[in-house]
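All of the numbers you see were taken from the coordinates with simple rules; none came from a lab. Computed from a predicted structure; not experimentally measured. Positions of Cβ are generated from backbone atoms using ideal geometry, with glycine treated the same way; all protein chains shown enter the neighbour counts.
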Amino acid sequence: MDYYKIGQRIRKIRKSKGLSQENLAEMLDISVTHMSHIETGNTKMSFGVVEKISNILDVSLDYLAHDKEKEDNSYAKQISDMIVTCSDVNKRVIFDTIKAMVDSFEVNNLNAQQ
């Protein structure tokens, strides 16, 4: 497991959500120094801490632990990776846009079959 890469993902998501290291450390009930060490990959994390981080940042454990060199190239995975750091409002806009497109495809496919 590459703790440096995990830490960098955590930092990126934390910043995108407007949280400071102090904010996240407080939510996790850990010291700011420990939070800094997590983000720089200078410490190993227990599963419990990783799980709490994923819940607080609203990302999957898979995303945090994901090794980019072994990335799944499916379209769904690529879309998920692109929007993971978006705000909840932007995620909703993306969802609504995709849903409208899929609904349109279904209507057009039904019309083409008639």
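Here are the numbers for the structure shown:
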{"item": "Approximate shape of the chain as ellipsoid semi-axes (Cα gyration tensor, √5λ), whole Å, largest first", "result": "36, 16, 10"}
{"item": "Additional length obtainable on full extension of the chain from His34 to Glu106, 0.36 nm per residue less Cα span", "result": "20.9 nm"}
{"item": "Positive-end residue, region 1-88 charge dipole about Cα centroid, Cβ charges, pick of Ile38, Leu28, Ser80", "result": "Ile38"}
{"item": "Sum of -39500 (n - 2.57) over DSSP H runs of 4+, divided by residues of the chain (222 nm, nearest 500)", "result": "-22000 deg cm²/dmol"}
{"item": "Relative exposure of Arg9, Arg92, judged by other C-beta atoms within 10 Å (fewest first)", "result": "Arg92, Arg9"}
{"item": "Lysines with Cα under 25 Å of Lys77, excluding same-chain neighbours fewer than 8 positions away", "result": "Lys5, Lys12, Lys15, Lys17, Lys52, Lys68, Lys91, Lys99"}
{"item": "Whole-Å semi-axes of region 73-114's equivalent ellipsoid (Cα gyration tensor)", "result": "27, 14, 4"}
{"item": "Rounded to the nearest 20 debye, dipole of region 1-66 from Cβ charges on Lys, Arg, Asp, Glu", "result": "240 debye"}
{"item": "Exposure proxy ranking, count of Cβ atoms within 10 Å, fewest first, for Ile13, Ile30, Ile38", "result": "Ile30, Ile13, Ile38"}
{"item": "Dipole magnitude of the chain about its Cα centre (Cβ charges: Lys, Arg +1; Asp, Glu -1), debye to nearest 20", "result": "260 debye"}
{"item": "Virtual spin-label span in nm between Met27 and Ile83, 7 Å along Cα→Cβ", "result": "2.0 nm"}
